[in-house]
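S.K.: This structure is in structure tokens; I'll ask about it shortly.
The values are calculated or read from the model by the stated rules, or taken from the named source; none is laboratory data. Just so you know, these numbers come straight off a predicted model, no measurement behind them. Please note: Cβ atoms are built from the backbone with ideal geometry, for glycine as well, and neighbour counts cover all protein chains shown.
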Amino acid sequence: MLKRVLSVFRWPDAIRPMTAALVLSVLLLATAQASAALANQNKRGLRAFTIDGVLRLVEDEIDMGTAALILSRDWGTTQTLHSYRGRIDDMAEEILKTLREKRLPVDYRALPVINAYLFEEMGFRAVETADDPEDLFLHVVLDRKRGYCLSLSILYLAIAERLGLPMFGVVVPGHFFVRYDDGRQQFNVETTSKGAIVPDSHYIEKFKPPTRPLSLYMKNLTQRQTLGCFFNNLGNSYSQVGMLDEAFAALERAVQLAPQLAEARTNLGNMYLRRKMHHRALAEYEQAMALLGQDVITLNNMGTAYLELKDYQKAESSLRAALNIDGEYVEAWRNLGLVYLAQGETEKAVTQVKTAISIKPREADGYLLLGQIYRQADQMDAAQQQFEMALTMDDALVEARMGLGAIQLERGATQQAIAQFQAVLTCSPVNALAYFGMAQAYHAQGQTEEEIRAYEQALRIEPGMTAALQNLGNAQMRMERFEKAADLYERAIESDPGNAALYYNLGVALARLNRHDAAVETFQKAIVLEPRNGAAYNGMAISYYRLEDYAQAYAAAVKAKSLGVEVQDALLQNKR
């Protein structure tokens, strides 16, 4: 056991000791002041209520804990911002209390105390995978006592700013940690390893951060840059839950706050790609590579953008460049297959996808893509085999079941098709395409009412699905519900105003409702979009005839006949 050494203290003659009562009152006052004197207590950032308000502040006035909790509030919490911030304040005060008891200064020697408190006494821990979007948010970290690299680091920084410690966020590709740096002493704190002190060499060797001058990697981040990293992950969290507009806004903010963060550039590029803004996507990818150098993921994404632009030469060049960096990057092999498929080179497409499968033979996505290629090439037996192989690895793979359902539908095996679509809906109850497929199967069986119900279900999920609106209109026409049919065709036209067939169908519905003036006008719109639409000329001839405009009926009928449409004799007998 270590012995305690008691030193003898003698009062200097010029100083008289205080009375016991006075000593006690001074100690109580000092304790109260220490408890209240958190280092961030005068920051203007504590009074910010919106993230825009936070970002209007100068760097030194930003309070990281408050900023993170504002973003938690925007995500949705059951408690108030002040409630959670009070918990962080309490944690900081407990750490200060321990430092006083141990007579330790508030400098790098506080790090073991913080670590012991957070990870041993309080039980905070790192999650194994960052696949739950909730784990990003500070309120969730506090409630569940868990987080991943960025979210645990945000908590650590929030406590450090209350203690007055000079600590900074640090980012490397795919990872985030914190660093103590007072200008003399520097320590990297790994929050996913219970606050272990880790040398720079570990991060350089494991994460291989680029050393380009403009890069943020391995540098002490400003408050804004740290928030930029947070917004990058926030964008991914919103994307995971399908809130794409919020994801886009968060990633735009990430690039604004940390323009030198390559991941934010890449992720914003991906959002542009989802919005079919291909050139904006490519610009972000170029910026990312200016920071990262030749990066396999970014090159693959560029290949996808060029593929969608039908610039097949640049698509192939980007994907080949990705594979030159990592010949086992299966996404690039699959996308290369799609490049060849788009150019009608089925055999080359199959070869690329089979290469991907040889690299990861237990990954269902390769077999799924190969099945889709075979189906597009009208090789149905081979397609079915690949879809079935994919399902042996992932029984809930919706796209494979949809592929099998489509094959069964094309073969006329409608009951088997319905079974596949029903299996899809078991896994994915809001899959509009599965309801659409079932409707087509019911149509083939002549079950019009079941067909109508299935189309209606599809439209509840995707109200603007043009094909479902059109086919449902057709079904209502067969049931002689012409008003309903006309309404459906009009809705379909709103979604696809350049579709001549929709105007023709609407014209027929209007004619059956004896609204021949409107029918003629609608048939004329179909003809403008498709000048050789003989059926529209024939429909127009019939409506003109009903309107007793026989000359116009005759002219339209003659045109319809010249386009190969069988025309009623009555329409050709009166030229007046």
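S.K.: Output the residues belonging to the range 42-70 that are exposed (fewer than 11 other Cβ atoms within 10 Å of the Cβ) and either touching a residue at least 24 places away in the same chain (Cβ under 8 Å) or assigned to a loop (DSSP other than H, G, I, E, B) (or both).
M.R.: ASN42, VAL58, GLU59
S.K.: Further, regarding this structure: Scan the range 114-135 for residues that are at pLDDT 95 or above and either outside any loop (DSSP other than H, G, I, E, B) or surrounded by 19 or more Cβ atoms within 10 Å (Cβ to Cβ) (or both) and jot them down.
M.R.: The answer is ILE114, ASN115, ALA116, TYR117, LEU118, PHE119, GLU120, GLU121, PHE124, ARG125, ALA126.
S.K.: Then there is this: Under 16 Å from MET167 (Cβ atoms), under 30 Å from the mean Cα position of the chain (by Cα) and not hydrophobic (A, V, I, L, M, F, W, C): which single residue out of GLY65, GLY76 fits that description?
M.R.: Exactly one residue qualifies, and that residue is GLY65.
S.K.: Any idea which residue in the range 464-495 is nearest to the chain's Cα centre (by Cα), counting only those that are outside any helix (DSSP H, G or I) and surrounded by fewer than 16 Cβ atoms within 10 Å (Cβ to Cβ)?
M.R.: GLY464
S.K.: Another question, then. Can you run down the residue pairs with Cβ atoms below 9 Å, 6 or more apart or on separate chains, where the first is in the range 508-520 and part of a loop (DSSP other than H, G, I, E, B) and the partner is surrounded by fewer than 17 Cβ atoms within 10 Å (Cβ to Cβ) and of a type outside the set (Ser, Thr, Tyr)?
M.R.: What qualifies is LEU513/GLU483; ASN514/ARG546.
S.K.: Is one or more of the residues making up the range 103-113 farther than 14 Å from ALA160 by Cα and in a helix (DSSP H, G or I)?
M.R.: Scanning the range 103-113 turns up no residue that is farther than 14 Å from ALA160 by Cα and in a helix (DSSP H, G or I).
S.K.: Any residue in the range 123-140 that's under 21 Å from ASP74 (Cβ atoms): show its pairings with residues that are among the charged types (D, E, K, R) at Cβ separation under 7 Å, as long as the two are six or more apart or on different chains.
M.R.: ASP135/ARG146; VAL140/GLU134
S.K.: Filter the range 136-165 down to residues that are within 21 Å of the chain's Cα centre (by Cα) and not polar (S, T, N, Q) and give me whichever is surrounded by the fewest Cβ atoms within 10 Å (Cβ to Cβ).
M.R.: Taking the candidates together, the pick is VAL140.
S.K.: Is at least one residue of the range 86-105 crowded, with 22+ Cβ neighbours inside 10 Å and touching a Cys at 6+ places or on another chain (Cβ under 7 Å)?
M.R.: No, the range 86-105 contains no residue that is crowded, with 22+ Cβ neighbours inside 10 Å and touching a Cys at 6+ places or on another chain (Cβ under 7 Å).
S.K.: Just checking, which of GLN294, GLN260, GLN287 is surrounded by 16 or more Cβ atoms within 10 Å (Cβ to Cβ) and not in a helix (DSSP H, G or I)?
M.R.: GLN260
S.K.: A further question on this structure: I'm trying to understand the selection: among the residues of the range 387-412, which are among the basic types (Lys, Arg) and part of a loop (DSSP other than H, G, I, E, B)?
M.R.: ARG411
S.K.: Which of the residues spanning the range 413-442 are in contact with a helix residue (DSSP H, G or I) (Cβ under 9 Å, 6 or more places away or on another chain), surrounded by fewer than 21 Cβ atoms within 10 Å (Cβ to Cβ), assigned to a helix (DSSP H, G or I) and of a type in the set (Val, Ile, Thr)?
M.R.: Within the range 413-442, THR414 is the sole residue that qualifies.
S.K.: Can you spot a residue in the range 175-190 that is surrounded by fewer than 19 Cβ atoms within 10 Å (Cβ to Cβ), assigned to a helix (DSSP H, G or I) and out of contact with any Pro (no Cβ under 6 Å at 6 or more places or on another chain)?
M.R.: no
S.K.: Has the range 299-314 got at least one residue that is under 30 Å from ARG275 (Cβ atoms), charged (D, E, K, R) and buried (at least 18 other Cβ atoms within 10 Å of the Cβ)?
M.R.: Taking every residue of the range 299-314 in turn, none turns out to be under 30 Å from ARG275 (Cβ atoms), charged (D, E, K, R) and buried (at least 18 other Cβ atoms within 10 Å of the Cβ).
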